[in-house]
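The next block holds one structure in the form of structure tokens; read it before the comments.
FYI, it's all coordinate maths here, none of it is from the lab. The structure displayed is predicted, hence computed values, not measured ones. All Cβ positions, glycine included, derive from the backbone under ideal geometry; neighbour counts span all protein chains shown.
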Amino acid sequence: MRMVDLRPTSLSSTLELHVRSSAGAELLRLIGVLVDLDGTQNYDVGPDRIVHAREQLPDGVLDELTDLDVVDNSFHVLSLLAADLPDPTGVDQLLATLEDDPEIAWRLLLGHYATTHHAGSRELGERVAAGEQEAIDHVCSFEADGQNPVDRIVQLDPTTHGARLLAAIRGVCDLWETLEREAMGAIARDVAYRQRQHEDGQDVASIVLEATNGYELSTDASIRRVLLLPSFWIRPWIVLGTRGDAEVLTTSVADQFVSLPSEAPSPALLRLFKALGDESRLKLLRRMAAGPISLSEATGELDVAKATAHHHLSILRQAGLVSTRGEGRGSRYSLREDPPEAARAALASYVHPSR
């Protein structure tokens, strides 16, 4: 993959890069996949494996976890706790943290969603997550409209929620023991690869672009560090977050570090041709050939709902064809690769045509 940094001033040369393996974070991400009952088809591990994993849980645990998933992607957000814990972050460390501070999960969720879904700043979210009462009271005073994730979080009792969460996560630990070796092996290989890239002098922004399959780093001058937390279970998705002066990115383990049957096409190849096999997505690629677009512009181009346009753009990013900069309404999407050439090269790498 390639990257050209077109920002007026590049911050990547001054950023610290850290890449970490976290079993505690991966356990939470596994739970996030298991409770995503409507998204079983959306993960590279495949629906059969996800359904089988759900069936291995003790009675009542999946129902309890689903009930605790009070807002979309709650458990993926909670995996950001790994940024605060010593490296390497094991499951025991995660459980001890949740036991010692029962309200920490509630604060992290409240701070994150106050920042991303309300009129909150990143600083406000950090203060909430750190337990600053004035900041918590300020967020809790936001006018409820019944549509915002913050409204649902505020209604929870923090201590009760934390105790239920800890008990439910413990209910997944036996399942995790059967899955840990495969997941953490792939993650360790990805971590070693990204660290070698950094040691060899590769630019931080280009490492991040490749690891995220298309996310361009924030230009926020307060960000001093980038923390990559590769994941096996959430492939091909990424999760964005901040903790203090760090941009925390849950990335997908690269395909070459996942054990696949030798005759199986790579997930990347399947994602690419899925992206190219839709008229609406081809229309967006043609439009982006003329320059970057916003979500609103993509919505107008296709004459669809924003959620539908965002879905198409996400599939294009996962296929390595589109990069995205910024979050929410400020996001801009740009064409990365020449689609016909990318498709030809990807297919040739699999079928090995005779000359």
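Rounded to the nearest Hz, the phi-derived 3J(HN,Hα) couplings of segment 229-246 under the Karplus curve 6.51 cos²θ - 1.76 cosθ + 1.60 (θ = phi - 60°) are 10, x, 10, 7, 6, 8, 3, x, 7, 10, 10, 9, x, 9, 9, x, 8, 10, where x marks glycine and proline.
Taking the Cα atoms of segment 15-255, the ratio Rg/Rh between the radius of gyration and the Kirkwood radius comes to 0.95. At an R0 of 45 angstrom, the distance between the Cβ atoms of Glu341 and Thr159 translates into a FRET efficiency of 0.20.
List the relative contact order of segment 267-351 as a percent without decimals, with contacts defined as Cα pairs under 8 Å and 6+ residues apart. Write down the numbers at each step before the final one.
Details: 90 pairs, mean separation 27.7, N = 85.
Worked out over segment 267-351, it gives 33 percent.
Packing, as the average of other Cβ atoms within 10 Å across residues, places the peptides 208-217, 267-276 in the order 208-217, 267-276, highest first. Rounded to the nearest 10 degrees, the inclination of helix 279-288 to the longest alpha-carbon principal axis of the chain is 80 degrees. Report note on the peptides 237-249, 218-230: ranked by the mean count of other C-beta atoms within 10 Å, highest first, their order is 237-249, 218-230. For the chain, relative contact order (Cα pairs under 8 Å, six or more residues apart, normalised by length) works out to 20 percent. Under 5 Å between amide hydrogens, built in the peptide plane, is the criterion, and for Ser231 it picks out Thr251, Ser252, Val253 among residues at least 5 positions away or on other chains. Computed from backbone phi, the HN-Hα couplings of segment 304-312 come to 10, 5, 4, 4, 5, 5, 4, 4, 4 Hz, rounded to whole numbers (Karplus: 6.51 cos²θ - 1.76 cosθ + 1.60, θ = phi - 60°; Gly and Pro given as x). Backbone amide hydrogens, once placed in the peptide plane, bring Tyr215 within less than 5 Å of Thr324, excluding anything fewer than 5 places away on its chain.
May I ask for the distance between the Cα centers of segment 25-84 and segment 179-249, given as a whole number of Å? Here the answer is 21 Å between Cα centres.
In the chain, a dipole from Cβ-located charges (positive for Lys and Arg, negative for Asp and Glu) runs towards its positive end, and of Leu166, Pro339, Ala129 it is Pro339 whose Cα lies farthest in that direction.
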